[in-house]
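Right, one structure below, let's go through it.
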Amino acid sequence: MATFRIPPVLRPLTDEQVEVEAAGDTLAAAFESLFASYPDLRSRVIGDDGELRRFVNVYVDDEDVRTLDGLATALEPKASIIVLPAMAGGSR
Amino acid sequence: MTSVPAPGGLAGAPVDPAALLAQGAGVLSAIGHTPLVDISLLLDPATTAPGVRLLAKLESANPSGSVKDRVALSMITRARESGALQPGQMILEPTSGNTGISLAMIGRVLGHPVRAVMPANVTPERIGLLQLFGAEVVFSPAELGSNGSVRMAQELAAADPSLFMPLQYENPANPDAHYHGTAPELIEQAGAPIDAFVSGLGTGGTLMGVGRRLREQFPDVKIVAAEPRPGDSIMGLRSLEEGYVPPVLDASKLDRRILVGNAASVAGTRELTRAGIFAGVSAGAALNVAKRIAKQAAPGATIVMLVADSGWKYLSAGIWDDRDEAQLETDMEAGHWW
């Protein structure tokens with residue numbers, strides 16, 4: 001199972017869950033599993049074109065999936081998936 | 001808001017800023033031309049191919065202590081040349097600290113008062129440095145991070161046309177400073193083709209400018225971003241639609257983009273002292289990522305990482321004390337580190 005880390009802005013859509021487990025061999029499959037539990041998330045993360053929305057960054061095991069294979073990125077069995085709003089510069 | 005009287009020119013003689021810029025006179029001539037040093041002793045020989053080199057570009061050697069001297073000088077010079085910035089005009093800029101300090105230093109020399117908009121949770125050293133160069137400091141809400149500073153500065157600039165805002169997040173003079181300065185220096189200093197370049201991700205200016213120039217010279221170079229992993233407390237955006245991607249940053253030009261948490265960044269910053277380097281937190285994150293790249297590198301590869309600033313501005317945060325990583329992760333949660 002992969003584990004999604006949900007950012008504060010999206011937690012109202014996940015019953016305030018911070019971490020959610022999801023099954024899937026690819027990022028797209030894991031997202032489908034996540035959306036099955038929390039359907040309102042889909043439109044916030046995925047655009048009408050089926051791709052990640054511009055202001056959403058997704059990291060699999062700390063690597064930006066846009067520099068990997070995007071939604072087709074393969075997941076290790078215990079992958080950690082972080083969804084973040086895009087931030088200017090150093091935000092910490 | 002702290003208000004400080006607008007600075008004058010150099011003591012004694014009247015200053016001709018245009019002539020200063022043209023001649024690169026005074027301390028401005030000391031911007032750039034920073035050292036590149038070998039820190040391969042920090043690589044683990046057991047997990048690194050033979051002959052892999054790790055080199056560090058010490059941008060901390062710039063006059064105000066950070067890589068942002070290059071960016072500030074580039075933005076001010078171009079604005080003076082185009083007439084967008086008039087003699088004596090006030091400069092307003094959103095910054096996490098270093099760009100504001102650089103603008104304040106250069107503005108002091110050239111006679112431009114500076115107003116810096118920063119998240120309220122920056123370390124006190126940054127405020128002190130801005131004020132000693134005569135800058136005014138305006139605080140944006142800590143929980144909004146850099147996005148909050150950008151938004152507030154844009155509102156202030158829109159409300160007062162007498163202000164000039166370089167806006168490093170959108171200004172092509174930012175990456176150009178690295179295309180024309182940092183990168184040619186690296187090509188000359190590295191002594192071999194560069195296989196990977198690693199830098200912290202802020203505005204994206206360093207990665208874009210250095211990356212563009214290095215790719216012209218070494219088409220297979222990998223441009224790698226070390227990005228701060230934000231804690232929940234600074235992700236107080238109301239919606240994802242309020243996210244901000246700096247126009248300077250074209251993420252498609254990054255070969256890899258890797259998140260580094262606070263504790264790992266500090267561990268890297270501490271480790272740099274083993275090479276005698278007293279650096280800021282973003283350099284620790286860059287080291288963390290550079291070491292990962294080194295493990296995957298071919299024999300004889302040359303990896304360059306950028307040390308954006310020195311450690312002085314972080315002393316009050318106590319990051320070189322004996323706290324363990326778990327405690328640091330907790331303690332640093334609400335801070336703004338680069």
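The values are calculated or read from the model by the stated rules, or taken from the named source; none is laboratory data. The structure displayed is predicted, hence computed values, not measured ones. Methodologically, a virtual Cβ is constructed for each residue, glycine included, from the backbone with ideal geometry; neighbour enumeration extends over all protein chains shown. For accessibility, only protein heavy atoms count, side chains too; no ligands or nucleic acids. Shrake-Rupley method; radii C 1.70, N 1.55, O 1.52, S 1.80 Å.
Order A:Tyr59, B:Tyr244, most accessible first, counting only protein heavy atoms with a 1.4 angstrom probe. Present the calculation step by step, with values, prior to reporting the outcome.
On the way: A:Tyr59 0, B:Tyr244 40 Å².
Final ranking, largest accessible area leading: B:Tyr244, A:Tyr59.
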May I ask you to list the lysines whose Cα is less than 29 Å away from that of B:Lys313, ignoring any residue fewer than eight positions away on the same chain? B:Lys57, B:Lys68, B:Lys291
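How much of the DSSP beta bridge set in chain B is antiparallel, as a percent to the nearest 5?
Taking every DSSP beta bridge within chain B, about 15 percent pair in antiparallel fashion.
Using a 10 Å cut-off on Cβ atoms, rank the peptides B:197-207, B:172-182, B:32-42, B:126-136 from the highest mean neighbour count down.
Details: B:197-207: 29.6, B:172-182: 23.5, B:32-42: 16.3, B:126-136: 20.1.
Going from most to least packed, we get B:197-207, B:172-182, B:126-136, B:32-42.
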Scattering profile of the protein assembly as shown at q = 0.10 Å⁻¹ [log10 I(q)/I(0), Debye over alpha-carbon scatterers]: -0.69
Quick one: order B:Leu73, B:Leu328 from most to least accessible surface, probe 1.4 Å. B:Leu73, B:Leu328
Which length gain, in nm to one decimal place, applies between A:Ala72 and A:Asp49 when the Cα-Cα distance is subtracted from 0.36 nm times their residue separation? 6.8 nm
In Å², nearest 10: area of B:Glu125 left accessible to a 1.4 Å probe: 40 Å²
Which whole number gives the average count of other chain Cβ atoms within 10 Å of the Cβ atoms across peptide A:57-64? 5
For B:250-260, mean number of other protein chain Cβ atoms within 10 Å: 4
Along Cα→Cβ, 7 Å out, is where each label goes; now give me the distance between the ones at B:Asp44 and A:Glu32 in nm to one decimal. 3.8 nm
Accessible area in the full protein assembly, largest first, 1.4 Å probe, for B:Lys313, B:Lys291: B:Lys291, B:Lys313
Within straight cross-link reach of A:Lys78, meaning Cα distance under 12 Å, which aspartates and glutamates are found once same-chain residues fewer than 8 apart are removed? A:Glu21, A:Asp25, A:Asp61
How would the range A:1-70 be classified by its alpha-carbon gyration tensor: rounded, prolate or oblate, with rounded meaning a/c under 1.5 and the a/b versus b/c comparison settling the rest? rounded
For peptides B:212-223, A:44-55, sequence by mean Cβ density within 10 Å, most packed first: B:212-223, A:44-55
